[in-house]
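**Q** This is the structure I want to talk about, given as structure tokens.
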Amino acid sequence: METDCNIKTTPKGFQCTLCNVNLSNLPSLDQHVKGRKHKTLSTVRASRKTQEEHSVFVSGIKPEISQTEITEYFQRFGPISDVIMDKAKGVYAIVQFAETDGTQATLSCVEHRMKGLKLRVKPREKKDFKMIPKKTGSENLQQSLDRLKPQLCQLMSVDAQMKHVVERFQLRDNEKEARGLLVQLLQEVFVEFFPDSKILPFGSSVNSFGVHSCDIDLFLDLENTKVFQAHAKSTTEQAGEGMSDDGRSEDSILSDIDLSTASPAEVLDLVAAILRRCVPSVHKVHVVGGARLPVVKFHHQELNLQGDITVNNRLAVRNTRFLQLCSGVEDRLRPLAYTIRYWAKQKQLAGNPSGSGPLLNNYALTLLIIFFLQNCEPPVLHTVDQLRDMACEEEECVIEGWDCTFPTQPIAVTPSRNTQDLCTLLFGFFSFYAKFDFASSVISVRKGCALPITDFLSQNKEEAMHEEKPIKTQPHGPKLGPLNLLDPFDLSHNVAGNLNERSHRSFQRECQDADKYCRSLQYHRKSTKGKPWGLVRLFTPNGEVPQAKTEQPTISIPFKSAALPKGLRDELHMAGDGFRLLWFQKVCSAVEGVLQRVLRCRLTPSAGAVFGENSVVDAAGEMETSLNTSTNDSCDSVDSQNEASPLGTAVVGAKRRLSSCSDASVSPQDKKPRLARKVRPELPHWICAQKHLVWAGRRKVRRELMKDADSRPEGSCVELESQVTTHIIEKEPALKQALEFKVQPQMLSGTESTKVILKLEPTCDRTGVFHDFFHFLEAFLPKMVETLMEKEEGRV
Ligand code: ATP
Ligand code: MG
């Protein structure tokens with residue numbers, strides 16, 4: 001590391017000049033140097049250096065000189081690996097040799113003449129390679145807000161502010177025209193290579209929600225070209241000649257590829273080549289093949305416009321029409337969408353800078369707005385099913401087997417009876433999602449309601465989603481995640497399937513904060529003292545609304561439909577409405593397993609816990625009965641078994657206890673015994689005792705136990721984690737007095753996403769270690785519970 005010339009010592013520690021980061025101490029420096037970013041940049045720099053050394057800069061050429069001619073001329077000096085032409089003006093080129101000898105031979109030649117032209121040849125300019133610090137997102141966001149603030153503050157109402165946001169950000173006519181011209185230009189170029197093809201814009205450039213800097217999404221429709229190619233092929237075969245009937249030579253671009261069998265990625269490679277070579281001002285062309293929809297990305301220099309071209313995205317053109325229809329039918333949609341999009345951007349909840357990422361994209365966010373508007377009282381927007389019924393026969397449209405029928409004209413749609421103003425609707429949006437149970441729902445804009453997640457858990461999706469398939473038989477269900485939002489037309493697609501737990505949590509937390517803020521006077525009323533009010537405070541990053549503090553340490557175990565083991569998914573699917581109880585029981589059993597078997601805590605019964613006010617709603621009755629009746633006897637049995645054989649028999653105890661609860665694992669909807677209803681029952685809870693610092697130094701012990709052979713992340717293996725605990729217990733001295741704390745599980749749903757909350761409370765902490773154990777459990781327990789649930793299933 002000392003020899004790494006990128007590392008400089010600074011008064012505050014170290015600086016890596018390559019990656020442009022400061023590091024405060026040696027261990028973090030060490031970690032940084034071994035990290036992916038530093039390694040990638042070092043490799044990129046090395047390859048750039050090699051490229052520079054292997055290439056020369058050639059000027060003085062004319063646009064009519066081709067790449068092949070340049071290659072032919074320069075290969076007399078050595079084998080050539082690439083020639084990059086300046087496409088815009090055609091007056092220079094970069095010639096890259098396979099070896100440095102080629103470069104030297106070229107440079108030592110005094111004069112270069114080609115086709116009567118005198119070429120100037122220079123060594124490649126050596127550019128310092130280092131990470132250019134991006135303008136941080138927050139800086140830009142702040143600047144954008146700073147400009148907007150004074151204008152918003154002086155307006156008289158939130159409605160006026162929302163309309164101003166539209167005015168400020170929407171695409172102007174000249175921008176639309178420029179985009180239109182680019183589409184025309186691309187159409188002219190592509191039709192040369194792909195006869196009868198069409199280039200169709202979709203997305204924000206045309207869906208009525210575009211903002212100044214938005215990208216241009218294009219669909220290259222090759223359907224007619226395929227027909228053309230098939231026809232040409234058959235006539236050629238008949239004629240037995242290398243020429244098609246319209247006289248196009250077989251060595252046109254179409255002869256390189258059979259469109260009827262080529263993959264989208266293969267077609268896109270060709271599209272990329274055409275863009276690179278034939279469209280002026282287009283640069284940075286590259287194919288992104290790994291995505292669900294492969295795409296060619298490019299940048300138009302003059303228009304400073306980022307563009308995407310896809311070839312199998314007809315549905316997107318249709319859903320763009322759908323968004324256009326919605327905003328044509330309902331004037332309030334655009335101000336709402338622009339305001340919420342801007343809010344989401346400020347809060348860094350939406351807009352994945354590189355296209356892919358774990359945040360919502362603008363399409364998904366707009367669908368969330370539409371879904372909310374469908375659920376207002378009375379509804380502001382119709383469901384997609386209702387719109388389909390309003391369409392006439394000629395408007396029927398089926399794409400890839402999905403019913404995409406809706407009226408072409410807004411006039412055909414019955415207007416809404418809802419008269420709420422924009423200010424109220426915006427507040428409504430935040431309240432709606434602040435308490436939306438995402439974990440247990442699948443949002444259907446098609447039906448305008450939340451479908452139960454259990455319908456989507458079974459392997460037998462054909463049956464489970466019967467109602468959701470108007471025409472097409474679905475080969476697979478949507479990819480489930482923390483936020484499940486079905487596409488209005490492709491009902492097998494979760495448009496928010498890219499979200500991770502964290503981004504979903506941030507979205508809901510920000511909705512909760514915004515909901516709180518919208519209840520205040522500052523939201524509704526202009527400040528007489530010139531203070532920020534209305535949207536301004538809503539848009540301010542890191543909100544000025546203080547986060548609610550939790551009084552008691554709690555650990556949250558969210559219901560993650562996507563992470564459930566297969567058998568459990570089927571069981572929950574069968575349980576229908578009672579799935580929460582069943583899942584709660586499984587979680588309790590797993591928590592007990594982790595505490596006893598993995599962390600070797602001693603569990604003893606405790607009395608007196610009762611249901612909190614927010615706890616389980618639907619399944620409360622069954623759970624009250626079942627868990628109450630089971631608590632005392634089961635804990636006794638767990639405790640005694642634990643004493644005798646901590647690792648083996650406790651599981652049986654835990655299982656017996658939970659299944660003895662109510663037989664809910666078989667059928668949670670079963671009736672409960674009448675007697676128990678009279679008593680205000682207890683939640684199951686544990687008093688947990690631990691004599692050893694089983695959380696301290698686990699990583700090191702784990703590493704030693706694994707000897708680096710099969711490195712598993714923390715919490716991924718029950719046996720290994722149990723061994724780590726045993727090792728610590730055997731090697732490390734015990735605490736003078738055992739730490740004791742109460743663990744009380746509670747189920748939350750209905751008012752937010754379904755989850756189990758474990759409330760922890762120290763009952764004896766003479767050595768003051770409770771908080772350390774709690775922080776460890778906070779990360780460890782949810783992970784281990786997931787692992788254990790999977791493992792238990794494997795045993796069945
Ligand atoms: P912007 O480009 O300003 O972020 P946009 O509305 O163009 O907003 P994009 O994310 O670029 O949104 O998506 C463009 C189009 O691609 C959408 O209008 C939609 O038709 C389609 N699309 C985007 N994301 C998805 C998705 N997750 N599932 C299905 N279609 C999508
Ligand atoms: Mg777009």
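**Q** Mind grabbing the accessible area of Leu222 for me, 1.4 Å probe, Å², rounded to tens?
**A** Estimated to the nearest 10 Å², Leu222 gives 10 Å².
**Q** Please give the solvent-accessible surface of Tyr73 in Å², to the nearest 10, using a probe radius of 1.4 Å with every protein chain present.
**A** 20 Å²
**Q** If the limit is 26 Å between Cα atoms, which of Lys198/Lys297; Lys39/Lys791; Lys176/Lys526; Lys479/Lys755 go over it?
**A** Lys39/Lys791; Lys176/Lys526
**Q** Continuing with this model, one more query. Skipping prolines and chain starts, which residues have an amide H placed within reach, meaning under 5 Å, of the one on Phe436, given they are 5 or more residues away or on another chain?
**A** none
**Q** In whole Å, what three semi-axes, largest first, describe the equivalent ellipsoid of the stretch 54-127 built from its Cα gyration tensor (square root of 5 times each eigenvalue)? Intermediate results must be reported in sequence, preceding the final value.
**A** Details: eigenvalues 60, 35, 28 Å².
With the √(5λ) rule applied to the stretch 54-127, the semi-axes are 17, 13, 12 Å.
**Q** While we're here: At 7 Å along Cα-to-Cβ for each site, give me the label-to-label distance between Asp258 and Ala273 in nm.
**A** Reported label-point gap for Asp258 and Ala273 is 1.8 nm.
**Q** Quick one: with all protein chains in place, what share of the accessible area of the stretch 287-347 is carbon or sulfur, to the nearest percent (1.4 Å probe)? The partial results should precede the final answer.
**A** Numbers: 1000 of 2160 Å².
Carbon-and-sulfur percentage of accessible area, whole number: 46.
**Q** List the residues whose amide H sits under 5 Å from the amide H of Gly210, counting only those 5 or more places along or on another chain, with H placed 1.01 Å from N in the peptide plane.
**A** Leu171
**Q** Distance cut-off 27 Å, Cα to Cα: go down the list Lys759/Lys783; Lys347/Lys516; Lys127/Lys345; Lys347/Lys566 and report the pairs above it.
**A** Flagged as over cut-off: Lys127/Lys345; Lys347/Lys566.
**Q** So, for the stretch 54-127, what is the accessible surface per residue at a probe of 1.4 Å, expressed in square angstrom?
**A** With the other protein chains kept in place, the stretch 54-127 gives 60 Å² per residue.
**Q** Under the Karplus relation 6.51 cos²θ - 1.76 cosθ + 1.60, θ = phi - 60°, what is the ordered set of whole-Hz ³J(HN,Hα) values for the stretch 170-184, x standing for Gly and Pro?
**A** The phi angles translate into 5, 5, 7, 4, 5, 5, 5, 4, 4, 5, x, 5, 5, 4, 4 Hz.
**Q** Could I ask something else about it? Post the alpha-carbon centroid distance, the stretch 56-131 to the stretch 184-232, in whole angstrom.
**A** What the calculation gives is 35 Å, centre to centre.
**Q** Taking only protein heavy atoms into account and a 1.4 Å probe, give the accessible area per residue of the stretch 292-388 in Å².
**A** 35 Å²
**Q** Still on this structure, please answer the following. Quick one: pull the percent of accessible area on the stretch 54-127 belonging to carbon and sulfur, 1.4 Å probe, ligands and nucleic acids left out.
**A** 50 percent
**Q** Once fully extended, how much extra length lies between Leu293 and Glu192, figured as 0.36 nm per residue of separation less the alpha-carbon to alpha-carbon distance?
**A** Value of the extension gain: 33.9 nm.
**Q** Sorted by accessible area (1.4 Å probe), largest first, how do Arg602, Arg332, Arg172 line up?
**A** Values: Arg602 95, Arg332 40, Arg172 130 Å².
Order by accessible area, largest first: Arg172, Arg602, Arg332.
**Q** Still on this structure, I have one more. What does the accessible area of Ser213 come to, in Å² to the nearest 10, when a probe of 1.4 Å is used?
**A** Surface open to solvent at Ser213 totals about 100 Å².
**Q** Which sequence of Glu52, Glu778, Glu302, Glu592 reflects their accessible areas, 1.4 Å probe, from the largest down?
**A** Glu302, Glu778, Glu52, Glu592
**Q** Using a basic spin-label model with each label point 7 Å from the Cα along Cα→Cβ, how many nm lie between Gln67 and Asp385?
**A** 5.4 nm
**Q** Further question on the same structure: Gap in Å between the Cα centre of the stretch 399-415 and the Cα centre of the stretch 262-340?
**A** Their Cα centres are 23 Å away from one another.
**Q** Measuring with a 1.4 Å probe in the full set of protein chains, what accessible area per residue, in whole Å², belongs to the stretch 1-53? Intermediate results must be reported in sequence, preceding the final value.
**A** On the way: 3670 Å² over 53 residues.
Here the residues of the stretch 1-53 average 69 Å² of exposed surface.
**Q** With a point put 7 Å past each Cα toward its Cβ, work out how far Ser81 is from His771 in nm, to one decimal.
**A** Going by the 7 Å Cα→Cβ label model, 5.7 nm.
**Q** Here's another thing I want to ask about it. Probe radius 1.4 Å, ligands and nucleic acids ignored: give me the carbon and sulfur share of the accessible area of the stretch 1-53 as a rounded percent.
**A** It is 54 percent, rounded to a whole number.
**Q** Now for a separate question. On full extension of the chain, what length is gained from His524 through Arg699, given 0.36 nm per residue of separation minus the C-alpha to C-alpha distance?
**A** Full extension from His524 to Arg699 adds 57.8 nm.
**Q** Continuing with this model, one more query. Mind giving me the FRET efficiency for Cys109 and Lys49? R0 is 25 Å, r the Cβ-Cβ distance, nearest 0.05 is fine.
**A** 0.55
**Q** Hey, if we sort Phe322, Phe77 by accessible area with the 1.4 Å probe, largest down, what's the order?
**A** Numbers: Phe322 0, Phe77 40 Å².
Largest to smallest exposure gives the sequence Phe77, Phe322.
**Q** Can you give the local net charge around Gly481? Use residues other than it whose beta-carbon is closer than 10 angstrom to its beta-carbon, Lys and Arg +1, Asp and Glu -1.
**A** +1
The values are calculated or read from the model by the stated rules, or taken from the named source; none is laboratory data. Worth saying up front: this structure is predicted, and the values here are computed from it rather than measured. Reconstructed Cβ throughout: ideal geometry from the backbone, glycine too, with neighbour counts over all protein chains shown. All accessible areas refer to the heavy atoms of the entire protein, side chains included, with ligands and DNA or RNA removed. Shrake-Rupley method; radii C 1.70, N 1.55, O 1.52, S 1.80 Å.
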